[in-house]
Amino acid sequence: MIASDLSTALLHLRDLVDDASMIVPFTGAGISTECGIPDFRSPGGLWTKNQPIPFDAFMASQEMRDEAWRRRFAMEESFARARPGRGHQALASFYRAGKSPALITQNIDNLHQASGIRGSDIVELHGNTTYAVCLDCAKRYELSWVREKFEALGQHAPDCDCGGYIKTATVSFGQAMPPEAMQRAEELTKRCDLFLAVGSSLVVWPAAGFPLMAKRNGAALVIVNREPTEFDDLADLVVRNDIGDALGPFIAH
């Protein structure tokens, strides 16, 4: 059912939330746009300005590694000043109330952690951009250190002490999905009785398969996204209003 207006959407969503014993939120870039972090595919999104750098290109070219870090540092102000929005706060309210034991996200911005959800209860399918790792030895690097070295080297990406390449702890196109995160996301999806997809275009696979998996396992499916998705016809409720307006009333004060 596609809600005809916000009031109708809120009535149905509240009923579904009240009836659910286990809610699993699944979030995409749309939940963070009100926080000042642009999404990827929408008009004016990041990919309308720069095509993403595939993982194989990052690995094969110093120039591409330099460009990847240049882009990341250009976005640093947006990430650094971003604070959790109403959508993040509402999902954190479900978490604190015991309705939602964990959350699955495609986002890399750390805003769910900042909203009060414990990091160990956030399944990050696409990693996290607020720190970096060596692709060989997995040593963690803070971005402040990488930036200092990057600038000292004349805007060249530094390498790890072991000789490996240092990359933000994110999953790039062509890079393997984290198996532990995928397995945990699948387990959560199969256990829930309400799957709440928020701010995701649901076109990036395999992550986009989780709403379908939830529905096939008997869960109610709610999609909150301004643009239509491929799964709207399967959903018990589709809300195409602003995410903050749709979820804001669920923030516990």
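The figures follow:
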{"item": "Inter-label distance for A252 and S144, nm, one decimal - labels placed 7 Å from Cα along Cα-to-Cβ", "result": "3.4 nm"}
{"item": "Under 20 Å from K149, Cα to Cα: aspartates and glutamates that are on another chain or at least 8 residues apart", "result": "E63, D66, E67, E76, E77, D136, D159, D161"}
{"item": "Net charge of neighbours whose Cβ lies under 12 Å from the Cβ of H12, counting Lys and Arg as +1 and Asp and Glu as -1", "result": "-4"}
{"item": "Where only alpha carbons of segment 47-141 are counted, the Rg and the Dmax (Å)", "result": "15.8, 48"}
{"item": "Difference of contour (0.36 nm per residue) and Cα-Cα distance, C162 to E187", "result": "5.4 nm"}
{"item": "Cβ-based exposure ranking for I104, I53, I117, in which fewest neighbours within 10 Å come first", "result": "I53, I117, I104"}
{"item": "Under Karplus coefficients 6.51, -1.76 and 1.60, residue-wise ³J(HN,Hα) of segment 12-29 in Hz, glycine/proline x", "result": "5, 5, 5, 4, 5, 5, 5, 7, 6, 9, 9, 9, 10, x, 9, 10, x, 4"}
{"item": "Least to most buried among F210, F250 (fewest other Cβ within 10 Å first)", "result": "F250, F210"}
{"item": "Between helix 143-152 and the chain: long-axis angle, C-alpha atoms, 0 to 90°, nearest 10", "result": "30 degrees"}
{"item": "Size of charge dipole - the chain - debye, nearest 20, with Cβ of Lys, Arg +1 and Asp, Glu -1, no other charges", "result": "320 debye"}
{"item": "Cβ charges +1 (Lys, Arg) and -1 (Asp, Glu), total dipole of segment 132-253, debye", "result": "180 debye"}
{"item": "For segment 131-175 versus segment 192-241, the gap between their alpha-carbon centres in whole angstrom", "result": "35 Å"}
{"item": "Neighbourhood charge, 11 Å Cβ-Cβ cut-off, centred on G248 and excluding it, Lys, Arg +1 and Asp, Glu -1", "result": "-2"}
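Every read-out reported here was derived from the displayed coordinates using simple, explicitly stated rules and does not represent laboratory data. Worth saying up front: this structure is predicted, and the values here are computed from it rather than measured. With ideal geometry, Cβ positions are generated from the backbone for all residues, glycine too; neighbour counts draw on all protein chains shown.
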